[in-house]
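One structure is given below, encoded as structure tokens.
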Amino acid sequence: MRNSVGDYNFHRKSGSNAKSGVYFWGFNLREDNETPETSKDILIWYIGTHDNIASRIIEEVTQFIFGGFGTIIDPKYLVKNPHNARLLDLQESDCKRTKPLHHAVLYKADGIHVLYHFFDDYKIQESLKWMRERLIFTWIEECDLKKRKEIESEMHHIVGTNCFGTKGNKNKKSINNPAVTPHFHQISWNNNLILKEWLIKVNDLL
């Protein structure tokens, strides 16, 4: 078990990284699971905002791996579609249970009645293992609540239905137009260059 001084920076209550802002979490798509180098090496799964990112990510990820939150997509599909996964569209592909789900959807957290399938299905558990080993996250620090919500909303419109947590925003806001994506152009991306590249690629393909 890792328990170093540096790790304490991510303590959910008192760590120096218990920041407020807009957060992004997803998965490393590299076959060797080494540090991502380009935007095709990552897939952002969820975009949200919170006054304590370190705490919020732990809540979401732990719910996710125990079947109480979200949808499980086949990792092979994710690797093939780093910039156009359309995750939310896949989740809703059953059209309110009137059609079969897209073949890449392994599990949808509809309720407690599907948990047996979640725990017992080998492919789901292998996919979760893959996801646990490849979890990545980052954030844009912002203390002001109003601005934070504006940034989150803008990011949702930049990625459309490619991520979860976007509330199905299909009204694209182009990164190429600073008038409609002002926050994107004001953010310092120095520590998030691959994320910036990923957002641009995804936005281009909408």
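Only the coordinates and a few stated rules stand behind these numbers; no lab work does. Here the structure is a predicted model, which means the values were calculated and not measured. When we count neighbours, we look across all protein chains shown, and the Cβ atoms used for this are built from the backbone with ideal geometry, even at glycine.
Whole-Hz Karplus ³J(HN,Hα) for segment 176-189, in order, using 6.51 cos²θ - 1.76 cosθ + 1.60 and θ = phi - 60°, x for Gly and Pro?
Here the 3J(HN,Hα) series is 6, 10, x, 5, 9, 10, x, 5, 4, 7, 9, 5, 7, 9 Hz.
So between N192 and D204, what do we pick up on full extension, going 0.36 nm a residue minus the alpha carbon distance?
Computed gain between N192 and D204 is 2.5 nm.
For the pair E133 and E34, how long in nm is the line joining their label points, each one 7 Å along Cα→Cβ?
Here the modelled spin labels are 1.7 nm apart.
With point charges of +1 on the Cβ of Lys and Arg and -1 on the Cβ of Asp and Glu, referenced to the Cα centre of the chain, which listed residue (A18, I124, T49) lies farthest in the positive direction of the dipole?
The residue sitting most towards the positive pole is T49.
Could you tell me what a quarter of the Cα convex hull surface of the chain works out to, in nm² with one decimal place?
Averaged projected area of the chain's Cα convex hull equals 12.6 nm².
For the chain, with a Gaussian network of springs between Cα atoms less than 10 Å apart, report the residue from S55, S14, S93 with the top mean-square fluctuation.
S14
Using the C-alpha gyration tensor of segment 1-116, what are the square roots of 5 times its eigenvalues, in whole angstrom, with the largest one first?
Semi-axes, largest first: 28, 19, 13 Å.
Where nothing but the Cβ of Lys and Arg (+1) and of Asp and Glu (-1) is charged, how large is the charge dipole of the chain around its Cα centre, in debye to the nearest 20?
440
Residue-wise, which Karplus ³J(HN,Hα) couplings in Hz belong to segment 38-43, taking 6.51 cos²θ - 1.76 cosθ + 1.60, θ = phi - 60°, and x for glycine or proline?
So the J values, rounded to whole Hz, are 9, 5, 6, 8, 10, 9.
With charges set only on the Cβ (+1 for Lys and Arg, -1 for Asp and Glu), what does the dipole of segment 21-96 come to about its Cα centre, in debye to the nearest 20?
180
Within a 10 angstrom radius of the beta carbon, how do S153, S16 rank from fewest other beta carbons to most?
Ranked by crowding around the Cβ, least crowded first: S16, S153.
Compute the normalised compactness of segment 95-206: alpha-carbon radius of gyration over 2.2 N^0.38 Å, N being the residue count.
That works out to 1.33 for segment 95-206.
Name the long-range amide H neighbours of Y46: under 5 Å, sequence gap of 5 or more, or other chain; modelled H, no Pro or chain starts.
Amide H neighbours of Y46: W25, F164.
Which whole-Hz couplings ³J(HN,Hα) result when phi for each residue of segment 31-37 is put into the Karplus expression 6.51 cos²θ - 1.76 cosθ + 1.60, θ = phi - 60°, listed in order with x for Gly and Pro?
The phi angles translate into 4, 8, 6, 7, 4, x, 10 Hz.
Provide the FRET efficiency to the nearest 0.05 for the H185-D51 pair, computing r from the beta carbons and using R0 = 22 Å.
Given R0 = 22 Å and the Cβ-Cβ separation, E is 0.35.
So for segment 1-149, if I pair up every lysine 8 or more residues apart or on another chain, how many of those pairs have alpha-carbons under 19 Å apart?
The number of close lysine pairs in segment 1-149 is 14.
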